[in-house]
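J.: Dropping the structure in here first, questions after.
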Amino acid sequence: MLKPVDWSVVVAGRWNRAILTPAGIRERIHKEAAEVPLMIEVPIDLLAPPKVGFGGVSIVADWNKLVIVPDSPCWALLKKSADLACNALRALPQTPLQAVGINLAFTSRDPLESLNPFIQNPHDPLFSDIGLKAESKTVVRSMLWKSGRVNLTISRRTNVEGEVDADKVGFNLEQTSEKIEDHEKWLLMPFSDIQQITCHSQRRTSQFGNIGW
């Protein structure tokens, strides 16, 4: 069964970390009062920005991107992450923007036969015949969708015995733009559209095995 992992919203741009301190994130993105407590994780590498947790999501404001990660990969918190990204765009409208992405991944520790047609390559024996064993296999497709694209990644990792260690299907819904209104429109798209893409709707999920929520 595929289980959701690594969901996030990323807005690439030149963000002002001097403004988006933990207090700035609380005030400008979460719209909360100063007395509201935050969960702050400071990295060992002091050059890296802190991770600010509150309300079921964690936010990292770096110089070149704003990353918002749900504490658990679910649609409600992903939608909240997209709304918070919109708050950041409106709070700092002068931020030079590059791209916005909504990321979802699904993984399984058991091999999924339904992924074999995507992962297996008829040229694999050319390498195995000379003693080279594939440790991992990855297939990537970039497909135009709406005003952006869907980057689909299907990967399989094996252990030293050649047994499947993990299968993973990842979706990056990306739009490249310098306009704040384009970013907001992408982030506020109906999540039913995203569900249709990532789940292939209820009647098509058999292509990727059963997706667990």
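J.: Where in the range 173-213 are there helices (runs of 4 or more DSSP H), lying wholly inside it, with at least 3 residues that are modelled with pLDDT under 95, touching a strand residue (DSSP E or B) at 6+ places or on another chain (Cβ under 9 Å) and farther than 24 Å from LEU92 by Cα?
T.: Fully inside the range 173-213 and qualifying: 191-199.
J.: If you take the residues in the range 1-35 that are out of contact with any helix residue (DSSP H, G or I) (no Cβ under 6 Å at 6 or more places or on another chain) and among the β-branched types (Val, Ile, Thr), which one is surrounded by the fewest Cβ atoms within 10 Å (Cβ to Cβ)?
T.: By that ranking, first place goes to VAL5.
J.: Further question on the same structure: I'd like the residue in the range 37-46 that is among the hydrophobic types (A, V, I, L, M, F, W, C) and out of contact with any helix residue (DSSP H, G or I) (no Cβ under 6 Å at 6 or more places or on another chain) and, out of all such residues, is modelled with the lowest pLDDT.
T.: So, considering only residues that are among the hydrophobic types (A, V, I, L, M, F, W, C) and out of contact with any helix residue (DSSP H, G or I) (no Cβ under 6 Å at 6 or more places or on another chain), the one modelled with the lowest pLDDT is LEU46.
J.: Please determine whether any residue of the range 38-59 is touching a Phe, Trp or Tyr at 6+ places or on another chain (Cβ under 9 Å), crowded, with 19+ Cβ neighbours inside 10 Å and either over 25 Å from ILE180 (Cα atoms) or hydrophobic (A, V, I, L, M, F, W, C) (or both).
T.: Within the range 38-59 (the criterion being touching a Phe, Trp or Tyr at 6+ places or on another chain (Cβ under 9 Å), crowded, with 19+ Cβ neighbours inside 10 Å and either over 25 Å from ILE180 (Cα atoms) or hydrophobic (A, V, I, L, M, F, W, C) (or both)), the answer is no, since none of the residues qualifies.
J.: Give me the strands (runs of 3 or more DSSP E) completely within the range 1-103, filtered to those with at least 1 residues that are under 19 Å from the mean Cα position of the chain (by Cα), ordered by residue number.
T.: 3-13, 51-54, 57-61, 65-70
J.: Condition first: touching a helix residue (DSSP H, G or I) at 6+ places or on another chain (Cβ under 9 Å), among the small types (Gly, Ala, Ser) and surrounded by 11 or more Cβ atoms within 10 Å (Cβ to Cβ). Can you find one or more residues in the range 124-136 that meet it?
T.: yes
J.: If you go through the range 1-43, how many residues are more than 18 Å from PRO96 (Cα to Cα) and of a type in the set (Lys, Arg)?
T.: Result for the range 1-43: 3.
J.: For the range 142-167, what are the residues that are in a loop (DSSP other than H, G, I, E, B) and either exposed (fewer than 12 other Cβ atoms within 10 Å of the Cβ) or touching a residue at least 40 places away in the same chain (Cβ under 8 Å) (or both)?
T.: LYS146, ASN159, VAL160, GLU161, GLY162, GLU163
J.: Then there's this: If you go through the range 121-143 one residue at a time, how many are in contact with a strand residue (DSSP E or B) (Cβ under 8 Å, 6 or more places away or on another chain) and of a type outside the set (Lys, Arg)?
T.: Counting residues in the range 121-143 that are in contact with a strand residue (DSSP E or B) (Cβ under 8 Å, 6 or more places away or on another chain) and of a type outside the set (Lys, Arg) gives 9.
J.: Can you name the residue in the range 104-123 that is buried (at least 17 other Cβ atoms within 10 Å of the Cβ) and small (Gly, Ala, Ser) and is also farthest from the chain's Cα centre (by Cα) among such residues?
T.: SER108
J.: Ok, one more. Just checking, which of PRO73, PRO49, PRO22 is touching a Lys or Arg at 6+ places or on another chain (Cβ under 7 Å) and either in contact (Cβ under 8 Å) with a residue 12 or more places away in the chain or aromatic (Phe, Trp, Tyr) (or both)?
T.: Only one candidate qualifies: PRO49.
J.: Follow-up. When you look at VAL139, is it at pLDDT 75 or above, within 26 Å of TRP15 (Cα to Cα) and part of a strand (DSSP E or B), yes or no?
T.: no
J.: Restricting to the range 85-101, name every residue that is closer than 13 Å to LEU188 by Cα and either in contact with an Asp or Glu (Cβ under 7 Å, 6 or more places away or on another chain) or touching a residue at least 60 places away in the same chain (Cβ under 8 Å) (or both).
T.: The answer is ALA85, CYS86, LEU89, VAL100, GLY101.
The values are calculated or read from the model by the stated rules, or taken from the named source; none is laboratory data. The structure displayed is predicted, hence computed values, not measured ones. Backbone-built Cβ (ideal geometry, glycine too); neighbour counts: all protein chains shown.
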